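Structure first, commentary second.
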Amino acid sequence: MVSEAWRQQPVDRSLSARARRVWRPDPEQLYPQLRDATHVREAVARLAPDAVFVYGFTALAASTEVGLPRFAATSDPPHESLRGRTLRRWRERPHPLRIAREAVSLQAALRAYPRLDARLLRACEAVGAFGRHHAESLRRAGIPCDYYRTPIADAGPPGPPPENERPRLLLIGHLRGTATLDGLRVFRAMLPHLDAELGRDGYEARLVGGYDPPPELRSLLDHPAVRLVGFVDDVDAEFRDADVLLVPVSVRLGVRVRVLTGFSHGCCIVTHDANAYGIPELRHEENALLGSSAAELAAEVVRAARDRELARRLRLGARETYERFFTPAVAGGALADTLERIAR
């Protein structure tokens, strides 16, 4: 959160100052939270910890004045998220003049973010990434960084497989997220393949998550197999009752926590192989079925729906993967070990 003091500071709105900010953004323009560093330092001092866990780049920026050992844990690189949000906005509201104007500042931000991120991370005693590909990217930039697994709450031992009249597919995630929207576009391309194999009314696809789909994807709701469920209070029931947890997200950004939650529930998972870059524990035909295109993903959904023995093995493999890598004791323990190390 940006402090009210920062909001009230005067901004130089001269033509030269605006041109400079567009071409070479100030650090505070990229991370307004830098202005809150003094307040954060004072708040942390009152707690008197031995070390500080800093999650995300905005928190990292706000913690720059904390005079204690810091463990920075990162996920999505901010410049990649910015790129995705901007391109989505341009796609939804294509105004050529505004796009041309914004493109200059976007390119400047895409150049500036990695340099500033590297400077902030090098000031920390430990750096980790929730996503193997992000850890590798930081190491290539010369920043020592380890891959940490995301701790996931235990959903408990899986029950018997669901007994639905027709195969039930679960697609979950709030409908304004870059990853979810990408996945829905891939899912739209899967529909003709699913219809050809299962029939237009031979399966049910439940879209679970907050918000309404953007205009470009509202046609999905016209399909007889697709149901917009929206936000639910008992999300565990959706995981339990799904024949297939479908995660067709094709962007290599972040870590798909919905896949890890599916591991916890012992779900039969079909996912795009792009997600294996962030989750190297994904194994085709062991704990999930992976595909690299809409046609391949649809074929894997059909396999999982028709082959009950295969689905059973995948459910067991998913739960075993969770218990081995992603429990709070295992994944959270690795984070705690690092914090104790830098505190000493």
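The values are calculated or read from the model by the stated rules, or taken from the named source; none is laboratory data. Owing to the predicted nature of the structure, the values given are computational and were not obtained by experimental measurement. With ideal geometry, Cβ positions are generated from the backbone for all residues, glycine too; neighbour counts draw on all protein chains shown. Remember, those area values only see protein heavy atoms, side chains included, never the ligands or the DNA or RNA. Shrake-Rupley method; radii C 1.70, N 1.55, O 1.52, S 1.80 Å.
From (1) at pLDDT below 95; (2) under 21 Å from the mean Cα position of the chain (by Cα); (3) not in a helix (DSSP H, G or I), pick out the condition that doesn't hold for residue 81. Going through (1) at pLDDT below 95; (2) under 21 Å from the mean Cα position of the chain (by Cα); (3) not in a helix (DSSP H, G or I) one by one, residue 81 breaks only (3). Within this structure, residue 125 passes the test of being over 30 Å from residue 282 (Cβ atoms) and modelled with pLDDT of 75 or more.
Scanning the range 204-226 for residues that are under 13 Å from residue 180 (Cβ atoms) and of a type in the set (Asp, Glu) yields a total of 1.
Do you know which residues across the range 100-150 are open to solvent by less than 50 Å² (accessible area, probe 1.4 Å), closer than 25 Å to residue 318 by Cα and either part of a helix (DSSP H, G or I) or of a type outside the set (Ser, Thr, Tyr) (or both)? Of everything in the range 100-150, those that are open to solvent by less than 50 Å² (accessible area, probe 1.4 Å), closer than 25 Å to residue 318 by Cα and either part of a helix (DSSP H, G or I) or of a type outside the set (Ser, Thr, Tyr) (or both) turn out to be 128, 129, 130, 131, 133, 134, 135. Per the conditions (1) over 19 Å from residue 311 (Cβ atoms); (2) open to solvent by 30 Å² or more (accessible area, probe 1.4 Å); (3) among the aliphatic types (A, V, I, L, M), the sole criterion not satisfied by residue 207 is (2).
Within the range 203-226, how many residues are in a loop (DSSP other than H, G, I, E, B), closer than 23 Å to residue 272 by Cβ and over 22 Å from the mean Cα position of the chain (by Cα)? Explain how you work it out, then say what you get.
Of the residues in the range 203-226, the ones in a loop (DSSP other than H, G, I, E, B) are 203, 209-214, 223-225.
Next, only the ones that are closer than 23 Å to residue 272 by Cβ stay: 203, 209-211, 213-214, 223, 225.
Narrowing further to those that are over 22 Å from the mean Cα position of the chain (by Cα): 203, 223, 225.
The total comes to 3.
Within the range 156-172, the residues that satisfy the criterion of being at pLDDT 95 or above, part of a loop (DSSP other than H, G, I, E, B) and in contact with a Gly (Cβ under 8 Å, 6 or more places away or on another chain) are 166, 167. Out of the residues in the range 173-186 that are open to solvent by less than 40 Å² (accessible area, probe 1.4 Å) and under 19 Å from residue 235 (Cβ atoms), which is modelled with the lowest pLDDT? So the residue we want is 177.
For residue 249, work out the one condition from (1) modelled with pLDDT of 95 or more; (2) farther than 18 Å from residue 152 by Cβ it doesn't fulfil. Among (1) modelled with pLDDT of 95 or more; (2) farther than 18 Å from residue 152 by Cβ, residue 249 violates only (2). For a quick check of your reading of the model, give me the residue pairs whose first member lies in the range 333-344 and is within 10 Å of residue 151 (Cβ to Cβ), whose second is among the hydroxyl-bearing types (Ser, Thr, Tyr) and modelled with pLDDT under 95, with beta-carbon atoms closer than 8 Å and at least 6 apart or on different chains. Correct list of pairs: empty, since none qualify. Is it the case that residue 108 is small (Gly, Ala, Ser), farther than 30 Å from residue 341 by Cβ and at pLDDT 80 or above? Yes.
Among residues of the range 279-307 that are under 22 Å from residue 163 (Cα atoms), those with a beta-carbon under 7 Å from a residue that is basic (Lys, Arg) at least six positions away or on a different chain give the pairs 289/303.
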